[in-house]
Amino acid sequence: MKFDTTYSKRGGPPTLRLHGQTCHRIGTLLPETGNPPQYAQLYIYDTDNEVENRIKCFKDNKGIQRHIVNNLKIMLDEHNVHAKAFRMERDVLKTNFFMDLKPRLISYRPEDGRVYNTPAVSEVATLIVGDIDSADKRDILIHRFNGGLQRIDEFHPAYLAYQYPLIFPYGEDGYRKNIMHKYRPETEVTRKNRQSIKDWLSYHLQQRRKEAKTLLYSRRLFQKFLVDGYAMMEFERINWLRDNQSKLRVDKYNHLSN
């Protein structure tokens, strides 16, 4: 998307206007020669200087405290399932640097995440050597060097955990398609009992006494999360219109005939 920041210079609360379509992309497993590591590459490349590399990613980094960054890194390494997956790839690369290795970030979830525990590393990611012939169309396959940037499906169950690791510190799934409002074993998912992205967001934006308020207290990160959530709702609506064109034409014809 393109950012228009002219509105933020007119006083009042900070305002940001967006042009185009929002999307999120993921790069290669390792940075190109001469370029510093960034994003997920920080978990894999030059991890001896990882804290410094993370701080350098921010232009205005004078106020960033090194010990806080280091403690957050330790927390994610210990508890976040996706951080563990990237660390696993790092360990394999150390002993097999010349291997044509590609991590595959799996989208399929056979169990309902609201009932079962946080998924294990083997359930969210796997390592592929060479080419891959079969995979779910929403899986994310990260190339080692080439391949450029590729778009991440907004409805990948781990999309929000990749984008907001501090809001989802355990790597728990965000919104998932085709699950019911309330888990009922051996019940078919239908249009009436299916949970939409709007339903999911409405639930998580509420404040509850016995639940942590990490999301609501995330300040600017919370605002960014709201923009992402609104974009996901729009994508779901547009996808429905695209997939139901023939039905809409029939309904329009019947309405005109009557």
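The values are calculated or read from the model by the stated rules, or taken from the named source; none is laboratory data. Since the structure is predicted, the reported quantities are computational estimates derived from the model, not experimental observations. Using ideal geometry, Cβ is built from the backbone for each residue, glycine included, and neighbour counts are taken over all protein chains shown. To get the accessible areas, we keep the full protein, side chains included, count just its heavy atoms, and leave off ligands, DNA and RNA. Shrake-Rupley method; radii C 1.70, N 1.55, O 1.52, S 1.80 Å.
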Taking the range 49-88 and keeping only residues that are open to solvent by 80 Å² or more (accessible area, probe 1.4 Å) and part of a loop (DSSP other than H, G, I, E, B), one is left with PHE58, LYS59, ASP60, LYS62, GLN65
Going through (1) surrounded by 12 or more Cβ atoms within 10 Å (Cβ to Cβ); (2) at pLDDT below 80; (3) touching a strand residue (DSSP E or B) at 6+ places or on another chain (Cβ under 9 Å) one by one, TYR39 fails only at (2)
Checked the range 42-59 for anything at pLDDT 85 or above and over 22 Å from ALA161 (Cα atoms); matches are ASP46, ASP48, ASN49, GLU52, LYS56
If we keep only residues of the range 24-36 that are open to solvent by less than 70 Å² (accessible area, probe 1.4 Å) and under 19 Å from PRO165 (Cβ atoms), then the residue nearest to the chain's Cα centre (by Cα) is HIS24
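Can you give me the number of residues within the range 199-239 that are assigned to a helix (DSSP H, G or I) and open to solvent by less than 80 Å² (accessible area, probe 1.4 Å)? Explain how you work it out, then say what you get.
Of the range 199-239, the ones assigned to a helix (DSSP H, G or I) are 199-204, 220-239.
Then drop every residue that is not open to solvent by less than 80 Å² (accessible area, probe 1.4 Å), which leaves 199-202, 204, 221-222, 225-229, 231-236, 238-239.
Final tally of qualifying residues: 20.
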Q. Quick one: is TYR170 within 20 Å of ARG90 (Cα to Cα), open to solvent by 20 Å² or more (accessible area, probe 1.4 Å), modelled with pLDDT of 80 or more and not in a loop (DSSP other than H, G, I, E, B)?
A. no
By residue number, the members of the range 87-128 that are modelled with pLDDT of 80 or more and over 21 Å from the mean Cα position of the chain (by Cα) are ASP91, VAL92, LEU93, LYS94, THR95
Contact list, first residue from the range 134-153 and under 15 Å from ARG109 (Cβ atoms) and in a loop (DSSP other than H, G, I, E, B), second anywhere and open to solvent by 70 Å² or more (accessible area, probe 1.4 Å) and at pLDDT 75 or above, beta-carbon distance below 6 Å, six or more apart or interchain, is ASP136/TYR108
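Every residue in the range 41-62 that is of a type in the set (D, E, K, R) and either closer than 23 Å to PRO103 by Cα or touching a residue at least 40 places away in the same chain (Cβ under 8 Å) (or both), please.
ASP46, ASP48, GLU50, ARG54
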* Quick check: is even one residue across the range 217-228 at pLDDT 90 or above and either touching a helix residue (DSSP H, G or I) at 6+ places or on another chain (Cβ under 6 Å) or among the basic types (Lys, Arg) (or both)? -> no
Taking the range 89-110 and keeping residues charged (D, E, K, R) and part of a loop (DSSP other than H, G, I, E, B) leaves ASP100, ARG109
